[in-house]
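Comments concern the structure below.
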Amino acid sequence: MRSLFLFVFGLVFGLAGCSPTYDWREVRDAEVGWSILFPGKPAVVTRTVALQPSSESTSGRPGTESSLTMHASRIKDVSFALGLVKLEDKTPSEREAIRRALQASRVKNIRGQIDSPDPKALGSPLNARGSLQIKANGEPVPARLLMRSVVRNGWVIEAIVVGPSDGFPQEEAQQFLDSLRVGTP
């Protein structure tokens with residue numbers, strides 16, 4: 001009887017361990033022309049942000065307000081997000097400057113430093129290390145940020161993974177970034 005109990009307990013415990021932490025699902029927007037695999041059902045939030053091209057922009061035009069839409073899911077303490085900003089009234093060079101400024105702001109959010117060899121290259125992944133406050137009133141912990149951003153059809157599209165360095169899911173983060181598909185310019 002004890003052997004049967006241990007067998008059943010081991011079987012139940014083993015099956016419970018097989019439940020997936022990551023429940024991958026494709027999310028897409030045909031109108032904008034993107035798709036990505038999220039590791040859980042994403043929440044969607046839209047807010048207005050003031051966009052200012054980076055200081056490298058030579059246009060001299062002031063920043064404008066635009067709509068930022070974030071699709072995001074959280075697995076443990078790691079956030080997987082897709083950010084969308086519409087820039088229909090900007091020139092291609094202004095769009096690129098805003099993409100770089102958004103990238104820099106993501107790194108600044110974690111008080112980080114970029115590890116990537118060329119963070120300004122269009123579409124290349126950005127890898128940064130910094131710190132992040134996970135819990136309210138908690139101490140900041142070492143953090144990682146992986147992101148890829150592109151400009152397509154008047155949109156800046158960002159795939160972002162950020163979370164604590166300890167236990168950072170590198171393989172899943174890379175899968176998320178690699179799954180981003182966008183339409184042609």
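Yes or no: region 130-150 includes at least one residue that is surrounded by fewer than 18 Cβ atoms within 10 Å (Cβ to Cβ), in a strand (DSSP E or B) and basic (Lys, Arg). Looking for residues that are surrounded by fewer than 18 Cβ atoms within 10 Å (Cβ to Cβ), in a strand (DSSP E or B) and basic (Lys, Arg), one finds none in region 130-150, hence no.
Hey, can you tell me all the residues within region 69-99 that are open to solvent by 60 Å² or more (accessible area, probe 1.4 Å), in contact (Cβ under 8 Å) with a residue 40 or more places away in the chain and assigned to a strand (DSSP E or B)? Listed by number, the list holds a single entry, LYS86. Within region 156-176, residues that are open to solvent by 50 Å² or more (accessible area, probe 1.4 Å) reach partners that are assigned to a strand (DSSP E or B) and of a type outside the set (A, V, I, L, M) with beta carbons closer than 8 Å, at six or more positions or on different chains, in the pairs ASP166/PRO142.
In region 124-152, of all residues being more than 30 Å from LYS86 (Cβ to Cβ) and among the basic types (Lys, Arg), the one that is nearest to the chain's Cα centre (by Cα) corresponds to ARG129.
The values are calculated or read from the model by the stated rules, or taken from the named source; none is laboratory data. Here the structure is a predicted model, which is why all the values come from computation and not from measurement. Note that each Cβ is placed from the backbone with ideal geometry, even for glycine, and that neighbours are counted across all protein chains shown. These accessible areas exclude ligands, DNA and RNA; they are computed on the full protein's heavy atoms, side chains included. Shrake-Rupley method; radii C 1.70, N 1.55, O 1.52, S 1.80 Å.
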